[in-house]
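> Pasting a structure below so you can have a look.
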């Protein structure tokens with residue numbers, strides 16, 4: 001079947017899935033990608049996870065994910081986990097900043113921007129207040145998962 005550029009691509013029999021060489025790319029909406037990232041952060045015990053729809057207020061992204069970790073190591077682990085999960089689906093970040101320090105990791109996936117904070121740093125920058133007019137997106141954790149609360 002031809003892709004958007006008219007090149008013949010193998011038909012894997014799954015809607016929205018395309019293989020280009022060794023790479024597998026799964027097409028998904030911005031909202032699906034944001035929820036996938038939220039679930040992965042949640043799976044890695046991210047705290048106070050917020051998913052904001054910012055498309056009405058932003059020309060550069062549709063969704064923000066804001067979450068926290070209790071330590072720099074956990075912040076790095078959450079970011080690595082999200083990056084690895086999206087990589088298995090053929091999605092690579094446009095850019096990633098702050099992973100080495102582990103205080104505020106920013107991951108740019110174009111339509112979805114992920115902010116993973118060390119909790120004291122999150123309180124200082126208070127992005128939720130800056131984007132207070134953006135609507136919060138309700139999402140469900142996967143099976144057998146409960147939403148962790150801030151201690």
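The values are calculated or read from the model by the stated rules, or taken from the named source; none is laboratory data. All of these numbers come straight from a predicted model, not from anything done at the bench. Cβ sites come from the backbone with ideal geometry, for glycine too, and all protein chains shown count toward neighbours.
> With the structure loaded, tell me whether residue 51 is within 18 Å of residue 138 (Cα to Cα), in contact with a helix residue (DSSP H, G or I) (Cβ under 8 Å, 6 or more places away or on another chain) and assigned to a strand (DSSP E or B) or whether it fails that test.
Details: within 18 Å of residue 138 (Cα to Cα): yes; in contact with a helix residue (DSSP H, G or I) (Cβ under 8 Å, 6 or more places away or on another chain): yes; assigned to a strand (DSSP E or B): yes.
Against the criterion (within 18 Å of residue 138 (Cα to Cα), in contact with a helix residue (DSSP H, G or I) (Cβ under 8 Å, 6 or more places away or on another chain) and assigned to a strand (DSSP E or B)), residue 51 qualifies.
> Could you tell me whether the range 62-79 includes any residue that is assigned to a loop (DSSP other than H, G, I, E, B), at pLDDT 90 or above, surrounded by 17 or more Cβ atoms within 10 Å (Cβ to Cβ) and in contact with a strand residue (DSSP E or B) (Cβ under 6 Å, 6 or more places away or on another chain)?
There is no residue in the range 62-79 that is assigned to a loop (DSSP other than H, G, I, E, B), at pLDDT 90 or above, surrounded by 17 or more Cβ atoms within 10 Å (Cβ to Cβ) and in contact with a strand residue (DSSP E or B) (Cβ under 6 Å, 6 or more places away or on another chain).
> Go over the candidates 47, 51, 36 one by one and state the one that is crowded, with 19+ Cβ neighbours inside 10 Å, more than 13 Å from the chain's Cα centre (by Cα) and either within 19 Å of residue 117 (Cβ to Cβ) or modelled with pLDDT of 60 or more (or both).
47
> Limited to the range 101-114, what total is found for residues that are touching a residue at least 12 places away in the same chain (Cβ under 8 Å) and either farther than 16 Å from residue 52 by Cβ or surrounded by fewer than 19 Cβ atoms within 10 Å (Cβ to Cβ) (or both)?
As a first pass, look at the range 101-114 and keep what is touching a residue at least 12 places away in the same chain (Cβ under 8 Å): 101-105, 107-114.
Then keep just the ones that are either farther than 16 Å from residue 52 by Cβ or surrounded by fewer than 19 Cβ atoms within 10 Å (Cβ to Cβ) (or both); that gives 101-105, 108, 110-111.
Adding up the residues that qualify gives 8.
> Restricting to the range 96-140, name every residue that is within 15 Å of residue 75 (Cα to Cα), out of contact with any strand residue (DSSP E or B) (no Cβ under 8 Å at 6 or more places or on another chain) and either outside any loop (DSSP other than H, G, I, E, B) or at pLDDT 90 or above (or both).
Result: 120, 123.
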